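The values are calculated or read from the model by the stated rules, or taken from the named source; none is laboratory data. Small disclaimer: the values here were computed from a predicted structure and weren't measured. A quick note on method: Cβ atoms are made from the backbone with ideal geometry, for glycine too, and the neighbour counts reach across all protein chains shown. Note: accessible area is taken over every heavy atom of the protein model, side chains too, but ligands, DNA and RNA are not part of it. Shrake-Rupley method; radii C 1.70, N 1.55, O 1.52, S 1.80 Å.
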Amino acid sequence: MDVLKIKPSPTSLEVSLDPSAGTLFFSGRSVSEHSIEFFKPILDWLETYVASLPEKTECVFKLEYFNSAARKSLVEIFKILHSVHKQGRLVTVAWHYDEGDESMKELGEEYENMFNLKFRFIQG
């Protein structure tokens, strides 16, 4: 399985998914009106990745902002990660948020509770 890298644009995230390291990295802003098309290869990659039953997966989210369409895709990502967790595999999430951005922190807390995953909250 290959690494999936997507370069950021003014309306879309930087993404780096590395199966051998077990790391999933998402950074930036996602405000595209075409979020479904943007996230489709990511979700397809994740489905293949989790089928290999990785021992551990570390997810890093450094999100500045995302619209409601991107939020739906993030929920799909967390559903996939939750399925890995339910199979007894280690899934950790590093949720970065800017100082003073309590709404982004609260959103991470919401995902943590909703999907029963272990989050580390990192301000800065």
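Miscellaneous remarks
- Of all residues in segment 91-116, those satisfying the criterion of being under 19 Å from Ala21 (Cα atoms) and touching a helix residue (DSSP H, G or I) at 6+ places or on another chain (Cβ under 9 Å) are Val91, Val93, Trp95.
- Restricting attention to segment 81-103 and to residues that are part of a helix (DSSP H, G or I) and buried (at least 19 other Cβ atoms within 10 Å of the Cβ), the residue that is farthest from the chain's Cα centre (by Cα) turns out to be Val84.
- Qualifying position, being touching a Ser or Thr at 6+ places or on another chain (Cβ under 8 Å), under 21 Å from Phe121 (Cβ atoms) and exposed (fewer than 13 other Cβ atoms within 10 Å of the Cβ), among Lys56, Lys62: Lys56
- Residues of segment 104-118 that turn out to be out of contact with any strand residue (DSSP E or B) (no Cβ under 7 Å at 6 or more places or on another chain) and either closer than 23 Å to Pro41 by Cα or open to solvent by 80 Å² or more (accessible area, probe 1.4 Å) (or both), as a count: 6
- The residues of segment 26-48 that are in a strand (DSSP E or B) and buried (at least 18 other Cβ atoms within 10 Å of the Cβ), listed by number, are Phe26, Gly28, Arg29, Ser30.
- Exclusive hit being at pLDDT 95 or above and touching a helix residue (DSSP H, G or I) at 6+ places or on another chain (Cβ under 6 Å), set Leu46, Leu63: Leu46
- Only one of the listed residues (Ile122, Ile77) is closer than 11 Å to Cys59 by Cβ and either free of Cβ contacts under 8 Å to residues at least 60 places away in the same chain or not charged (D, E, K, R) (or both). That residue is Ile77.
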